[in-house]
Amino acid sequence: MTTVTVRAPAKINLHLGVGPAREDGYHALATVYQAIGVYDDVTVVEADDWAVTVNVTGDLDASDVPLDDSNIAIRAGRALAAHHGLDRRARVEIAKSIPVAGGLAGGSADAAATLVALDRLWDLRTSDEDLLRIAGTLGSDVPFALIGGTAYGTGRGELVEPVADAGEWWWVVVPNTVGLSTAAVYAQYDALGLGEHLRAPEALFDALAGADPVRLAEELHNDLEPAALDLRPDLCQTRADIEAAGAHAALLSGSGPTWLALARDADHARDVAGRLGEQMGEQLGTRYPVVLCAPGPVAGAHVVTYA
Ligand code: ATP
């Protein structure tokens, strides 16, 4: 039986500008995405009915990931079949390394990977334009997971265009053991009345094109940070720990609670990660049991096995 495995990256937002809520309930965004080297692998195989399994690497907690039709990977598979007027189904196996509900868009990565995998399994040859459009109906971050790299996202984030990026950036990814709901952070953002006029982050584009980590550090920005910190004051400690560990900058990933530390290069990233791992919590043991080092930008969803 033929199987296809597709790898899709986590995303971070180097700039997350959030406008006021639109009439359809979504917020207008002006965001700069970057795909980083933390991946989910999605394997598909033809089956009589839709099914999904999730296996995790390491200590990841995936207990919040649904195993029924509400899993975004199944929604993606159904959307692709419907687009082509097909009544075909598949079993979708997710090997998860992207922390769940961490502001890293792991669900979106799985949806993008499923689209690419089923397109290959069923030999559909869907056009890029159609894949991006289907992706946009599944979630605002799904089109970016298809294209990867570094990209500017507008609309509600689903309209993506590549951005010139000459850097080989290194990030330290610091997940939190307690997830944070994206919807709750946006609601808090509205309650605080923070919606501002959106602008394209020109200075950030210059820093990316110039491959200068010190300049990039100055231009990283996330409008959602005050709202997330309001809901989770404990996250301030992590920012302080990242700064004390010698990173160039600390950035909240999307709606959080994952933090990102910008490092100078791979060695610096390992050094920062090591220092964070040494931070002891109130209970016995380290405050940050899982700290990852990841390069960016990396490719979007791509086939790794076709057998
Ligand atoms: P968002 O994409 O909403 O900003 P996030 O990036 O913080 O969210 P995700 O890892 O995408 O976090 O998960 C958000 C929620 O989506 C999970 O708590 C889970 O209930 C649901 N979900 C559905 N399908 C998946 C999937 N395949 N992987 C992870 N989460 C999924």
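Amide H to amide H distances under 5 Å link H221 with H15, L16, where only residues 5 or more positions off or on other chains count and H is placed in the peptide plane.
Exposure check, 1.4 Å probe, all protein chains in place: F205 carries approximately 40 Å² of accessible surface. Computed from the Cβ-Cβ distance with R0 of 35 Å, the FRET efficiency linking T154 to V45 stands at 0.45. Coupling constants for the stretch 16-22 follow from the phi torsions by the Karplus curve (6.51 cos²θ - 1.76 cosθ + 1.60, θ = phi - 60°), and in residue order they are 10, x, 10, x, x, 4, 8 Hz; glycine and proline get x.
Y26 contributes an accessible area of around 110 Å² to the protein surface, as traced by a 1.4 Å probe with all chains present. Amide H to amide H, with H built 1.01 Å from N, A90 comes under 5 Å of A47, W50, A51, counting only residues 5 or more places away or on other chains.
Centre-to-centre separation between the Cα atoms of the stretch 117-158 and those of the stretch 206-264: 27 Å.
For every helix of n ≥ 4 consecutive DSSP H residues, a contribution of -39,500 (n - 2.57) applies; sum these over the chain, divide by its total residues, and give [θ] at 222 nm rounded to the nearest 500 deg cm²/dmol.
My calculation for the chain gives -9500 deg cm²/dmol from helical runs alone.
In order along the stretch 155-170, the phi-based Karplus estimate (6.51 cos²θ - 1.76 cosθ + 1.60, θ = phi - 60°) of 3J(HN,Hα) comes to x, 9, x, 8, 9, 10, 9, x, 10, 5, 9, 9, x, 10, 7, 10 Hz; Gly and Pro are listed as x.
Beyond 21 Å, what share of the Cα-Cα pairs of the stretch 164-307 is found? Please give it as a whole percent. Of all Cα-Cα distances in the stretch 164-307, 50 percent exceed 21 Å. Accessible area per residue for the chain is 43 Å², calculated with a 1.4 Å probe on protein heavy atoms, without ligands, DNA or RNA.
When you restrict to C-alpha pairs under 8 Å that are six or more residues apart and normalise by the size of the chain, the relative contact order lands at 26 percent.
Model label points for E161 and E129, set 7 angstrom from Cα along the Cα-to-Cβ axis, are 1.7 nm apart.
The local environment of G139, defined by Cβ-Cβ distances under 15 Å, has a net charge of 0 under the rule Lys, Arg +1 and Asp, Glu -1. Evaluating 6.51 cos²θ - 1.76 cosθ + 1.60 at θ = phi - 60° for every residue in the stretch 302-307, the Karplus couplings come out as 8, 5, 10, 9, 9, 9 Hz, glycine and proline recorded as x. If the chain linking R270 and T305 were pulled fully straight, counting 0.36 nm for each residue of separation and taking away their Cα-Cα distance, it would gain 9.6 nm.
For the chain, a simple Cβ point-charge model (Lys and Arg +1, Asp and Glu -1, everything else neutral) yields a dipole of about 280 debye relative to the Cα centre. Between E23 and A244, the simple spin-label model (points 7 angstrom out along Cα→Cβ) gives 5.1 nm. Extension gain, R199-T2: 0.36 nm per intervening residue step, less the Cα-Cα distance, totals 66.2 nm. Amide H contacts of V56: K96, each under 5 Å away and 5 or more positions distant or on a separate chain (H built 1.01 Å from N in the peptide plane; Pro and chain starts excluded). Estimated from the Cβ-Cβ distance and a Förster radius of 51 angstrom, the FRET efficiency linking T286 and R88 is about 0.60. Only Lys, Arg, Asp and Glu carry charge here, each on its Cβ (+1 for the first two, -1 for the last two); on that basis the stretch 255-307 has a dipole of about 80 debye about its Cα centre. Tell me, what is the FRET efficiency for D64 and D234 to the nearest 0.05, using R0 = 25 angstrom and their Cβ-Cβ distance as r? Using R0 = 25 Å, I get an efficiency of 0.85. Candidates P201, G153, L121 compared by Cα position along the dipole of the stretch 113-212: farthest toward the positive end lies L121, with charges placed on Cβ. Our summary gives the stretch 146-241 a relative contact order of 28 percent, counting only alpha carbon pairs under 8 angstrom and 6 or more residues apart.
Of the solvent-accessible surface of the stretch 185-259, computed with a 1.4 Å probe and all protein chains present, 49% belongs to carbon and sulfur.
The values are calculated or read from the model by the stated rules, or taken from the named source; none is laboratory data. Quick caveat, the model's predicted, so the values are computed rather than measured. Neighbour counts are summed over all protein chains in view; Cβ atoms, including those assigned to glycine, are modelled from backbone coordinates with ideal geometry. Just so you know, the surface numbers come from the protein's heavy atoms only, side chains and all, with ligands and any DNA or RNA stripped out. Shrake-Rupley method; radii C 1.70, N 1.55, O 1.52, S 1.80 Å.
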